[in-house]
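Q: Would you mind keeping the following structure in view while I ask a few things?
The values are calculated or read from the model by the stated rules, or taken from the named source; none is laboratory data. Quantities reported herein were computed from a predicted structural model and do not represent experimental measurements. A quick note on method: Cβ atoms are made from the backbone with ideal geometry, for glycine too, and the neighbour counts reach across all protein chains shown.
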Amino acid sequence: MSAHGFKSVFMVGAIASAALGCYLVSLRVASERAALESVENRIVLAQRDIRLLNTEIGTRGRLAQLERWNVKVIRLSAPSADQFVESSFQLATLGKPETRPAIEAPVIYAAAPAPARREPVVTNDDGSGPALTRATRPLGEMMHVAGYSKPEPKPVRAATKPVAPLKPVKTATADPLGPLPGARTSAKSDGGAGEPRITKTTKDPGSRQ
Amino acid sequence: MNAPTPALVARPERLRLVGQRRQILAVMHQRLMIGMIIYGAIVGFILVRLIYLAAFGDHAGRKGGAIDLAPERGDVVDRDGQSLALTIDAWTIGMQPAQIIGDKFALAQKLGQLMPEKDAATYLAMLRSKQKFYYLRRRAAPGLVDAINALGEPGLALSREPDRLYPQTALAAHVLGYTDVDGNGSAGVERAFNDRLVDQSQRGTPLKLSISSPVQQALEHHLQAAVTEFSAIGAAGIIMNIHTGEILAMTSLPQLNPNAAGNGTPEARFNRATLGVYELGSTFKPFTVAMAMDAGVVKSMGQMYNCPRQFHVAGRTINDTHPFGRACSVAEIMMESSNIGTAQIAQQLGSVRQQAFLRKMGFLDKVAIELRERGRTLTPGKNWNLIETLTVGYGHGIAVTPLHLASGYAALFNGGIFRPATLLKVDPGQKVGPGRRVFSEDTSYRMRALLRLVVTKGTGKKADAPGYRVGGKTGTAEKLLNGRYTSSAVVTTFAGVFPMEDPRFVIVAMLDDPKATKDTYGFHTAGWNVAPVISKTISRIAPMLGVRPDKKREPNMAEVLPYIREKGE
């Protein structure tokens, strides 16, 4: 009975809350739309700024101005017909391998004994070793002959040219195919006798340097 | 009993009164009801409107509608989208003398310092005058605007007005034209496309021209250098795509800055490329030969003509700069630019056929282009007799614009079809107009070797750009001064086409009255002054236009080489 009596009240309440819900939805939509509009406005303003800045850049960097700079300072000119290449093959023919002058004399670097290199010497020899090696060939240790060319062309050059065997210490250490020319010791290098031992002891660190 | 008591009998007035009252009451009720309904309707309407506004209306914090980005007047851009003309909001400084409150004398002095184009006394006179408004400066720099603003004078009005800006200044000035103070186009594209540029629906999208800025710049630069070097009074240049008729570059010198077009001289504002008509001389000879070939008069490049040192016809004498004094072939006539030989070919062709060909090429009408600045060609008209036919055959006695010449060369080398020149970009997929056939395809093909010969062995050697297979023809025409032709003032022209084995572009350059210099050994002919412009310009623009340099490629020179007698033979 009472429920029946309140039916209209419920109805009114339901309708009111539905209307309120609808209103809230529409309010939400309106605020979203407003936010979107403000974003759009900002986009338009940014586009206007971009246009303005582009205009300024374009005006300052106009072609006539660039041309003036080119004539006065940069002096670039149009490429000639010979500067165009037909194919990748033609491009490759332009890149000749760098011709390096053959080394007449070995390049000699003076080097102070590095502490890191001393360690293997100490560990390999028994007790009295370090003092002895230093005393017997001070020069052989100080002297390092550096190979100038890359490892790849080296064996060819070493095989053909008589100059290659001149580097006794380095050829043995730097070159994986070292033993071949290493047979003959050079007249130039001083510490001939002790060299094989040096190479043996300092092989790994030496090859890296 | 039956007698009615007077007291009980209602008096008729009273009865009437009751009836009336009821009636009045009913009327009142009715009126009240109507009033209530109206009131209710108003309240209801307001309620409905409120609900509607709440549901669909805008909220209170809403800013005005989105700013319209479309400019007052449409932009003009080149074929790559580079801006050539656009409308900006520029500061304008005005003065309202009636509203000045400060010391007029001090103000006038300050204005004189800030804007020195007028002195303080003039400003003072303006401040004291009765006039309502003065423009002090249009398109003022921001620094000046700040300084004026700092004066704090309410009588000095600062406002923003749309203003037309040409960011590339003088580049393609004669193509673009300029606008007047009110923003209406008064020359060039601004005038020709004025309706399109101000149209509400179209101004948002920029107008895309066929002009290519880098190409235009290259042409202007090299032509300007030649004008300076040879002290010419003017020049014109055109580069055109021969298949579509698109104009990639078109210039007229002396230069004009469209940002301040009013400051330019009438000479600078004059568009020599489309408005000026000139006798273009020997550049006409290829047309005569092509006409003769098409008409069947000339059957081979080896056809021989008698080329004496002087040729007397109809009471006139025709001379050559490089006289043969022997029989010469068509190839040789073209190579050495022989007037005598060409005149004989034109004689065989005849006046009627010559005019018909020239009409088909558009040489007898105003030049076909969108611009309004179009010159009227000068022709012999009704007096087109034998001697006129001969002189027109080698480009004298007929004055056309340089653009006519470019269009004619385009028609001659694109397979023989005339298409009107256009300043609007033709997109790659877009179809070009059918055009109208002037020459046969075969003629067009055979002319290639002939013009290449002029550049490799003839008068146009200096126009060659190595690797780009340039073909073309020089032309040196004497100017008419005080009714007489004089050899002291000439118009030199070069019309070139490249790459010649598959022509794609035509380039025309013209110098008006170039002087001889020490470097040219006293010559002022086209081969010495305008041909190098062609060479330099082509070497610069051809890679941009996608033409590959190749020194091994040539057109089929077997068409002409057998008919050349080598020097010393």
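Q: All but one of (1) surrounded by fewer than 24 Cβ atoms within 10 Å (Cβ to Cβ); (2) within 14 Å of another protein chain (Cβ to nearest Cβ); (3) on the phi > 0 side of the Ramachandran plot hold for B:R469, so report the exception by its number.
A: (1)
Q: If I filter the stretch B:245-255 for residues that are surrounded by 22 or more Cβ atoms within 10 Å (Cβ to Cβ), at pLDDT 90 or above and over 26 Å from B:P514 (Cβ atoms), do I get at least one hit?
A: Checked the stretch B:245-255: at least one residue is surrounded by 22 or more Cβ atoms within 10 Å (Cβ to Cβ), at pLDDT 90 or above and over 26 Å from B:P514 (Cβ atoms).
Q: Which one of A:E86, A:E67 is under 30 Å from B:G467 (Cα atoms), free of Cβ contacts under 8 Å to residues at least 12 places away in the same chain, surrounded by 12 or more Cβ atoms within 10 Å (Cβ to Cβ) and not assigned by TED's automatic domain parsing to the domain that holds A:A146?
A: A:E67
Q: Quick one: is A:R100 of a type in the set (K, R), without any contact (Cβ under 8 Å) to a residue 60 or more places away in the chain and in a loop (DSSP other than H, G, I, E, B)?
A: On the way: of a type in the set (K, R): yes; without any contact (Cβ under 8 Å) to a residue 60 or more places away in the chain: yes; in a loop (DSSP other than H, G, I, E, B): yes.
Yes.
Q: I've got another one for you. What is the one condition in (1) more than 25 Å from B:T520 (Cβ to Cβ); (2) outside any loop (DSSP other than H, G, I, E, B); (3) in contact with a Gly (Cβ under 7 Å, 6 or more places away or on another chain) that B:R203 does not satisfy?
A: Here B:R203 meets the rest and fails (2).
Q: In the stretch B:101-116, which residues are in contact with a strand residue (DSSP E or B) (Cβ under 8 Å, 6 or more places away or on another chain) and either under 30 Å from B:L171 (Cβ atoms) or at pLDDT below 85 (or both)?
A: Across the stretch B:101-116, the qualifying residue is only B:M115.
Q: Report whether or not B:E501 is charged (D, E, K, R), in a loop (DSSP other than H, G, I, E, B) and within 14 Å of chain A (Cβ to nearest Cβ).
A: When the stated conditions are applied, B:E501 does not pass them.
Q: If you scan the stretch B:3-40, which residues turn out to be modelled with pLDDT under 85, β-branched (V, I, T) and surrounded by 10 or more Cβ atoms within 10 Å (Cβ to Cβ)?
A: B:V9, B:V18
Q: Confirm whether A:E86 is outside any loop (DSSP other than H, G, I, E, B), over 30 Å from B:L223 (Cβ atoms) and among the acidic types (D, E).
A: For A:E86, the condition - outside any loop (DSSP other than H, G, I, E, B), over 30 Å from B:L223 (Cβ atoms) and among the acidic types (D, E) - is not met.
Q: Let me ask something additional. Do we find that B:A290 is small (G, A, S) and surrounded by fewer than 18 Cβ atoms within 10 Å (Cβ to Cβ) in this structure?
A: Details: small (G, A, S): yes; surrounded by fewer than 18 Cβ atoms within 10 Å (Cβ to Cβ): no.
No, not satisfied.
Q: Same structure, new question: Within the set of pairs 6 or more residues apart or between chains, which connect a residue that is surrounded by 11 or more Cβ atoms within 10 Å (Cβ to Cβ) inside the stretch A:39-62 to a residue that is assigned to a helix (DSSP H, G or I) and of a type in the set (A, V, I, L, M, F, W, C) with Cβ atoms less than 8 Å apart?
A: Every condition considered, no pair remains.
Q: I've got another one for you. Can you run down the residue pairs with Cβ atoms below 9 Å, 6 or more apart or on separate chains, where the first is in the stretch B:110-122 and in the same structural domain as B:Y135 (by TED's automatic domain parsing) and the partner is of a type in the set (S, T, N, Q)?
A: B:G112/B:T122; B:A120/B:Q109; B:A120/B:Q113
Q: Among the residues of the stretch B:518-565, which ones are part of a helix (DSSP H, G or I), of a type in the set (A, V, I, L, M, F, W, C) and away from chain A (no Cβ under 14 Å)?
A: B:A526, B:W528, B:A531, B:M557, B:A558, B:L561
Q: Out of everything in the stretch B:335-363 that is touching a helix residue (DSSP H, G or I) at 6+ places or on another chain (Cβ under 8 Å) and over 28 Å from B:H312 (Cα atoms), what residue ends up being surrounded by the most Cβ atoms within 10 Å (Cβ to Cβ)?
A: That would be B:M361.
Q: Further, regarding this structure: What's the number of the condition B:K515 fails, among (1) of a type outside the set (D, E); (2) under 17 Å from B:I233 (Cα atoms); (3) crowded, with 18+ Cβ neighbours inside 10 Å; (4) more than 14 Å from chain A (Cβ to nearest Cβ)?
A: Every condition holds for B:K515 apart from (3).
Q: Which one is nearest to the other protein chains (Cβ to nearest Cβ), of the residues in the stretch A:58-83 that are assigned to a loop (DSSP other than H, G, I, E, B) and under 17 Å from B:R540 (Cα atoms)?
A: Per the criteria, the residue is A:A78.
Q: For the list (1) without any contact (Cβ under 8 Å) to a residue 24 or more places away in the chain; (2) among the basic types (K, R); (3) assigned to a helix (DSSP H, G or I), I need the number of the one condition that B:R448 fails.
A: Here B:R448 meets the rest and fails (1).
Q: Looking at the stretch B:393-417, which of its residues are among the small types (G, A, S) and in contact with a Leu (Cβ under 7 Å, 6 or more places away or on another chain)?
A: If the condition is that a residue be among the small types (G, A, S) and in contact with a Leu (Cβ under 7 Å, 6 or more places away or on another chain), then B:G395, B:A399 are the ones that fit.
Q: Residues that are aromatic (F, W, Y) and more than 26 Å from A:L63 (Cβ to Cβ): find the strands (runs of 3 or more DSSP E) completely inside the stretch B:80-189 holding 2 or more of those.
A: Those strands (runs of 3 or more DSSP E) span B:134-140.
Q: Could you check, for the stretch B:408-429, whether at least one of its residues is touching a helix residue (DSSP H, G or I) at 6+ places or on another chain (Cβ under 9 Å), of a type in the set (S, T, Y) and in the same structural domain as B:V508 (by TED's automatic domain parsing)?
A: Yes, because at least one residue in the stretch B:408-429 is touching a helix residue (DSSP H, G or I) at 6+ places or on another chain (Cβ under 9 Å), of a type in the set (S, T, Y) and in the same structural domain as B:V508 (by TED's automatic domain parsing).
Q: Would you pick out the residues in the stretch A:1-53 that are closer than 30 Å to B:A70 by Cβ, hydrophobic (A, V, I, L, M, F, W, C) and more than 8 Å from chain B (Cβ to nearest Cβ)?
A: Correct list: A:V29, A:A35, A:L36, A:V39, A:I43, A:A46, A:I50, A:L53.
Q: From the list B:L197, B:L219, B:L256, which residue is part of a loop (DSSP other than H, G, I, E, B) and in contact with a helix residue (DSSP H, G or I) (Cβ under 8 Å, 6 or more places away or on another chain)?
A: Every option except B:L256 fails the conditions.
Q: Now for a different question. Tell me, which residue of the stretch B:134-158 that is hydrophobic (A, V, I, L, M, F, W, C) and exposed (fewer than 12 other Cβ atoms within 10 Å of the Cβ) is nearest to B:A90 (Cα to Cα)? Before the answer, list the steps.
A: To start, the set of residues in the stretch B:134-158 that are hydrophobic (A, V, I, L, M, F, W, C) comprises B:136, B:140-141, B:144-145, B:147-148, B:150-151, B:156-158.
The next check asks that each one be exposed (fewer than 12 other Cβ atoms within 10 Å of the Cβ); those that pass are B:141, B:150.
Working: B:A141: 8, B:A150: 19 Å.
That would be B:A141.
Q: Let me ask something additional. Search the stretch B:395-422 for residues being small (G, A, S) and surrounded by 24 or more Cβ atoms within 10 Å (Cβ to Cβ), and hand back the single one that is modelled with the lowest pLDDT.
A: B:G395
Q: Looking only at the stretch B:327-334, decide whether some residue is surrounded by 21 or more Cβ atoms within 10 Å (Cβ to Cβ), of a type outside the set (A, V, I, L, M, F, W, C), over 39 Å from the mean Cα position of the chain (by Cα) and assigned by TED's automatic domain parsing to the domain that holds B:G471.
A: Yes, because at least one residue in the stretch B:327-334 is surrounded by 21 or more Cβ atoms within 10 Å (Cβ to Cβ), of a type outside the set (A, V, I, L, M, F, W, C), over 39 Å from the mean Cα position of the chain (by Cα) and assigned by TED's automatic domain parsing to the domain that holds B:G471.
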